[in-house]
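So the structure is just underneath, and the comments pick up after that.
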Amino acid sequence: QVQLVDSGGGLVQAGGSLRLSCAASGRTFSPYAMGWFRQAPGKEREFVAAINWGRGSTYYADSVKGRFTIFRGSAKNTVYLQMNSLKPEDTAVYYCAADDLSTPVTGSKYKYWGQGTQVTVSS
């Protein structure tokens, strides 16, 4: 059984920074990719960033390029999302996602999902 625990959300002023973290448990879990998605009130869930675990290649939504960075942690199966220069439009619930099989890393077909962490950016 694989569980994702995501955390690190909070309230921050525009221009500020937050770092989200996600840890995947499961003794035999070996990620193909891990990513972050977000969902704002009244909107559909959207892709934010992802990392191909084996190659280390990273992918970003245009709206966050240059401001957000996804990277692997030193602990096993952990991923972080460093969010800088936050804007009010970044306000959403952020979800960590992971899959151990090949999946389009920018799509929403990941097998495992975290419970979500709220990010609120005030203007």
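Assorted remarks:
- Residue tally, condition among the hydrophobic types (A, V, I, L, M, F, W, C) and modelled with pLDDT of 95 or more, over region 93-107: 4
- Output for region 57-72, where each listed residue is under 11 Å from the mean Cα position of the chain (by Cα) and either open to solvent by less than 30 Å² (accessible area, probe 1.4 Å) or without any contact (Cβ under 8 Å) to a residue 12 or more places away in the chain (or both): F68, I70
- Unmet criterion (only one of (1) surrounded by 15 or more Cβ atoms within 10 Å (Cβ to Cβ); (2) touching a Lys or Arg at 6+ places or on another chain (Cβ under 6 Å); (3) in a loop (DSSP other than H, G, I, E, B); (4) not basic (K, R)) for T106: (2)
- Criterion: crowded, with 20+ Cβ neighbours inside 10 Å, out of contact with any helix residue (DSSP H, G or I) (no Cβ under 9 Å at 6 or more places or on another chain) and farther than 25 Å from Q13 by Cβ - qualifying residue of A75, A98: A98
- Region 56-68, residues that are modelled with pLDDT under 95 and aromatic (F, W, Y): none
- Here R19, R45 are screened, and the one residue that is under 15 Å from Y95 (Cβ atoms), open to solvent by 70 Å² or more (accessible area, probe 1.4 Å), in contact with a strand residue (DSSP E or B) (Cβ under 9 Å, 6 or more places away or on another chain) and not β-branched (V, I, T) is R45.
Here's the yes/no breakdown for (1) at pLDDT 95 or above; (2) open to solvent by 10 Å² or more (accessible area, probe 1.4 Å); (3) in a loop (DSSP other than H, G, I, E, B):
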| position | (1), (2), (3) |
| --- | --- |
| R38 | yes, yes, no |
| P41 | no, yes, yes |
| A49 | yes, no, no |
| G54 | no, yes, yes |
| V79 | yes, no, no |
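The values are calculated or read from the model by the stated rules, or taken from the named source; none is laboratory data. Quick caveat: nothing in here was measured; it's all calculated off a predicted structure. Methodologically, a virtual Cβ is constructed for each residue, glycine included, from the backbone with ideal geometry; neighbour enumeration extends over all protein chains shown. Areas reflect the complete protein model, heavy atoms only, side chains present, ligands, DNA and RNA absent. Shrake-Rupley method; radii C 1.70, N 1.55, O 1.52, S 1.80 Å.
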